[in-house]
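Below is one structure. I have some questions about it.
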Amino acid sequence: MRIVMIHALAESIPPVRLAFQDVFPEAEVINLLDEGLFIDFKDKLTPKLRRRMSELICYSEEHGADAIGLACSVYAPVVESARELVDVPVFSSYGPVMAEAVEKGPRIGIIASVPATLRNSEYYLLKAAEERGLSIEPKLCLAEDLIPVLRKEGESGFSRRIAEEVTKLEPDVDSVLLSQFSMATALSHVNGIAKVPVLSAPHSSARAFKKLLSLAA
């Protein structure tokens with residue numbers, strides 16, 4: 001089964017490889033990167049950017065994808081319209097992890113490095129809870145220095161910074177959601193420290209793809 005993951009940040013590719021290796025190693029994962037999707041995003045999802053992402057989704061299907069995932073969280077709103085353009089499943093970065101998060105308890109911490117991601121994360125978390133008839137309390141954490149720290153200090157510094165934010169949230173939450181794919185490489189380190197469950201979007205996506213494609217096989 002071929003899964004194409006579409007990325008706006010190069011930093012989200014290693015987490016995807018890690019997550020699928022952990023959860024769904026038999027999948028053939030193709031990573032498709034367009035860094036312009038992030039560079040050209042100015043805190044607003046324009047019609048041109050929507051069209052560009054839709055074209056990448058169609059391109060992925062035309063080149064053999066059995067399923068498609070978006071690793072760029074700010075493009076999640078494109079998924080609903082894109083599903084009308086292709087005949088294969090399309091997942092946003094939010095769908096699978098939000099479904100898991102709302103089952104962990106009502107108080108859910110969300111960490112993001114981009115304001116738009118934090119807003120979208122809260123929206124999709126509340127939507128997932130509403131669909132399941134659950135009441136939740138999002139606790140939002142914006143850490144805009146995370147990607148600069150990753151680029152300057154590498155994975156160790158990145159993991160340390162995320163762990164700091166998880167520690168701050170712990171007293172007030174039942175679980176913590178690492179909302180961006182690029183954060184998944186910190187999961188092992190954070191889980192060794194955290195006193196509450198910590199969810200990684202790529203790991204949740206890998207589990208969802210495995211379940212979906214196993215049923216289709």
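The numbers here are math on the coordinates, done by the rules we state, and not lab data. If you're wondering where the values come from, they're calculated on a predicted model, not measured in any experiment. For neighbour counting, all protein chains shown are included, and Cβ atoms are generated from backbone atoms with ideal geometry for every residue, glycine included.
How about the stretch 97-197: which GluC sites (Glu not before Pro) there are in a DSSP loop, with at most 13 other Cβ atoms within 10 Å of their Cβ? Intermediate results must be reported in sequence, preceding the final value.
On the way: sites: Glu100, Glu103, Glu122, Glu130, Glu131, Glu144, Glu153, Glu155, Glu164, Glu165; in loops: Glu103, Glu144.
Loop-located and lightly packed - Glu103, Glu144.
Return the long-range amide H neighbours of Ile30 (sequence gap of 5 or more, or a different chain), with a cut-off of under 5 Å between placed amide H atoms.
Close amide H contacts, sequence-distant or interchain: Ile3, Val4, Met5.
Can you tell me the FRET efficiency between Lys127 and Arg51 if r is taken as the Cβ-Cβ distance and R0 is 35 Å, rounded to the nearest 0.05?
Values: r = 24 Å, r/R0 = 0.69.
That pair, Lys127 with Arg51, gives E of 0.90.
Now a separate question. Quickly work out the Leu215-to-Glu62 label distance, labels modelled 7 Å from Cα along the C-beta direction, and quote it in nm with one decimal.
3.0 nm
For the stretch 1-42 and the stretch 86-117, what is the separation of their Cα centres, given in Å?
Using only Cα atoms, the two centres lie 16 Å from each other.
If you take the charge dipole of the chain about its Cα centre, with +1 on Lys and Arg Cβ and -1 on Asp and Glu Cβ, which of Val29, Pro15, His63 is farthest toward its positive end?
Checked the options; the winner is Pro15.
To continue, here is another question. Report, by chain and number, residues whose modeled amide H sits under 5 Å from the one on Leu177, excluding near sequence neighbours (fewer than 5 apart, same chain).
Here Gly109, Ile110, Ile111, Leu199 satisfy the definition.
No solvent, one uniform scatterer per C-alpha: report log10 I(q)/I(0) for the stretch 68-217 via the Debye equation at q = 0.11, 0.13, 0.14, 0.20 1/Å, two decimals.
The calculated log intensity ratios at q = 0.11, 0.13, 0.14, 0.20 Å⁻¹ are -0.40, -0.56, -0.65, -1.26.
Which residues' amide hydrogens lie under 5 Å from the amide hydrogen of Phe41, considering only partners 5 or more residues apart or on another chain, with H built in the peptide plane?
none
When the label point is put 7 Å from the Cα of Glu28 along its Cα-to-beta-carbon vector, which residues of the stretch 61-92 have a backbone N closer than 12 Å?
63-67
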